[in-house]
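Report on the following structure.
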Amino acid sequence: MNLSATGLILVVVFGEQINQWAGKTIERLDEWLLRSSARAHLLLGFLILLYTALWCGLTFLRHYYFHSDAYDLAIQDQVVWTTSQGRWFARSFEVVNDLGDHVRPYLALLSLLYLAIPSPYVLLGFQSLVLGLSAWPLYFLACRKFQSPAIALTIAFCALAYPPLGFVNRAEFHAEVIAVPLLIAAYERMDANDLKIAGIFLGLALLGKENIGLSVSALGLLTAFYHKHWGFGLAWGAGGVAYSLVALFVVIPAFRGAPSDTLERYQWLGSTPLEILWTVLSDPLFIIRNVGIAERLLSVLQLLAPLAYIPLVGLPILFPAVPTLVYNFLSSQPYQIGIYNQYMVPVIPFMMIAMVFGLHGMRSSVTEDLNLGKRRVGSLLSDNAVGLGVGLLLFATLASWIYENPFKGHPYASVLARRQIRQTDERNTTSPRFSLIQPNDAAIREGLKHIPRDAYLLTVQNYAPHLAHRRQIQIIRRAPVSDLPFGVKAIFLNLKDLRRRNCDDYFQNLQAGAKSGFGVTFYRDGVILIEKVKGDRDKLADLLAHWPACK
């Protein structure tokens, strides 16, 4: 965050010069763009296609070389595939129906694509395109506010280069990403007083996941109290929260046969939803004492710094992000706190919208604040600081890739997450140096071809996304393992891959397989496939007797 201090120094010392230079550059670009009505739209389309192509390339490579994960690519791939086969929302990970875990009807719509191309690459490509399209309504909102295609294109570029958006794109596949462009589009239509189309976008956003209802509700209240669309706003304010509550407390328990496991993350606040709510309302000091304030503040800074803190100037527009920040920051799940996973999806669109309004507010409010009643602060004298804002926005966005590069993955996690990862590594895994291609890649691919298509399979997280098109697939258990889940017919392991399980986990699962009559049907360069009542049982017994210790 030292770059934030650098930006402040630039404002104080060179603010007026930056403002004048950026203003003149914007004028020249606008003059060129307005010579043809298609130029700006073509550049916007190019930015979206470039974003989509880059992220398709990265996510496709991650998946192809076995770096994607069962949680959540394999899960949602299996749900989409089973739905395309007529078994609506069926899955074998954790629950038997996806509606017992989350309410995301949008996956059923994606199953139509699987009728033509049943592949997880479809989900990864679709996600990249959807997130890329977030720039489209944002561009038109900015055009309306600034009457400047150059500023609007700059905002679109900074939105697509926003690191939290990239981390979401990198984090496997999640149905709720559809809410990012839809919520921006809904707000853009509200700003244009086109409430009918705005309502359609809000309704479609709800299909992403049950928690999106809270964001829709908060956006409805903002529309009512800030934009004075009372009927529309209050209706969506009530409808959004009702949707989330019904999904969480009615639909999910009905399909799960138990309360949603999401509530377990908040049990430190109370054993029931009412106790949790009472603790939040009656004892905020207890919460402050027991949550990591520094970690949560860091996440807020990570959301704001790449946008040069400009969204704070458009502060009211950030209100719909509050529910997500509250339930993320109250969670005991460390990965829910940071920006590196899908949990910040409902926050991202409002950061982008607030960026537009914050920059628009810099036309006069920033200079008034900085001049402090005509007293000079630094060298900023202009009555219009938009040029300065655009310059800082570009600087902050590009500089953020130095310390928050989504292509590399998260450079550091929260303190709690690091502690959990370290404990997991010490207890269960060996963490080898990262390598894009596994040393026994050829053996892995050959072994995958030998797995029966319909067999109930056990494997590990990094191979499940390549094998999820079947009725039953599970992740192998951690040691100690005395027996296998009922009905298992095959186990596929890469004994040289210790990213998710350790050598003892592999040994005990294979030992349990040997006791259940499994035999080796494929074994090469550390990659092993054993099947029940098939293969060479003596070879499996010999392997266990002379265990190579995953070398």
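What follows draws every value from the coordinates through simple rules; no lab data is involved. This is a predicted model, so every value here is computed, not measured. Please note: Cβ atoms are built from the backbone with ideal geometry, for glycine as well, and neighbour counts cover all protein chains shown.
Using only Cα atoms, find the angle between the long axis of helix 179-191 and the longest principal axis of the chain, and express it within 0 to 90 degrees, rounded to the nearest 10.
20 degrees
For a footprinting-style exposure proxy, rank ARG28, ARG453 by other Cβ within 10 Å, fewest first.
By the 10 Å Cβ count, ascending, the order reads ARG453, ARG28.
Just list whichever of LYS196/LYS228; LYS496/LYS532; LYS408/LYS551; LYS209/LYS408 have alpha carbons separated by over 19 Å in the model shown.
LYS496/LYS532; LYS408/LYS551; LYS209/LYS408
Ignoring everything except DSSP H segments at least 4 long, calculate the 222 nm mean residue ellipticity for the chain; use -39,500 (n - 2.57) per segment, divide by total residues, nearest 500.
About -17500 deg cm²/dmol.
With no other cysteine's Cβ closer than 4.7 Å, which Cys residues of the chain count as lacking a disulfide-compatible partner?
CYS56, CYS143, CYS158
Give the value in nm², to one decimal: projected area of the alpha carbon convex hull of the range 441-545, averaged over all directions.
It is 5.8 nm².
Output wanted: per-residue J couplings in Hz (rounded whole) for the range 202-209, from phi through Karplus 6.51 cos²θ - 1.76 cosθ + 1.60, θ = phi - 60°, x for Gly and Pro.
Going residue by residue, I get 5, x, 5, 4, 4, 5, x, 5 Hz, with x marking Gly and Pro.
Which order do the peptides 387-394, 317-324 take when ranked by the mean count of other beta-carbon atoms within 10 Å per residue, highest first?
Result, highest mean first: 387-394, 317-324.
What FRET efficiency comes out for ARG87 versus TRP401 if R0 is 51 angstrom and r is the Cβ-Cβ distance? Round to the nearest 0.05.
0.75
For GLU446 and THR262, what is the calculated FRET efficiency with R₀ set at 30 Å and r taken between the beta-carbons, to the nearest 0.05?
With a Förster radius of 30 Å, E is 0.15.
On alpha carbon coordinates alone, what is the Rg over Rh value for the chain, Rh being the Kirkwood radius?
1.01
Using the count of nearby Cβ atoms within 10 Å as a rough guide to exposure, how do TRP88, TRP230 rank from fewest to most?
Result, fewest neighbours first: TRP230, TRP88.
Can you give the angle from 0 to 90° between the axis of helix 273-282 and the longest principal axis of the chain, with both taken from C-alpha atoms, to the nearest 10?
For helix 273-282, the angle is close to 40 degrees.
Could you give each residue of the range 540-551 its phi-based ³J(HN,Hα) in whole Hz, using Karplus coefficients 6.51, -1.76, 1.60 with θ = phi - 60°, and x for Gly or Pro?
Once θ is set to phi - 60°, the couplings for the range 540-551 become 5, 4, 5, 4, 5, 5, 10, 4, x, 6, 6, 10 Hz.
Kindly write out, for the range 135-142 in residue order, the coupling ³J(HN,Hα) from the Karplus curve 6.51 cos²θ - 1.76 cosθ + 1.60 (θ = phi - 60°), rounded to whole Hz, with x marking Gly and Pro.
Result, rounded to whole Hz: 5, 5, x, 5, 4, 5, 5, 5.
Given a Förster distance of 22 angstrom, what is the FRET efficiency for ILE197 paired with LEU109, based on the Cβ-Cβ distance and rounded to 0.05?
Efficiency, from the Cβ-Cβ distance: 0.70.
Pull up the DSSP beta bridges for the range 441-545 and report the antiparallel fraction as a percent, rounded to 5.
Bridges in the range 441-545 are about 70 percent antiparallel.
Using the number of other C-beta atoms within 10 angstrom as an exposure proxy, rank TYR106, TYR65 with the fewest first.
TYR65, TYR106
In nm, give the distance between the simple-model label positions of LEU245 and SER36, each being 7 Å from the Cα along the Cα-to-Cβ direction.
The modelled label-to-label distance comes out at 5.5 nm.
For the range 111-182, what are Rg and Dmax over the alpha carbons, in angstrom?
For the range 111-182, the Cα radius of gyration and maximum Cα-Cα distance read 14.4, 44 Å.
Give the long-range amide H neighbours of THR521: residues separated by 5 or more places, or on another chain, with amide H under 5 Å away, using H modelled in the peptide plane at 1.01 Å from N.
LEU529, ILE530, GLU531, ASP536
With N set to the residue count of the range 213-256, report its C-alpha Rg divided by 2.2 N^0.38 Å to two decimal places.
Compactness ratio reported: 1.32.
Considering only DSSP beta bridges with both partners in the chain, what is the antiparallel share in %, to the nearest 5?
Rounded to the nearest five, the antiparallel share is 70 percent.
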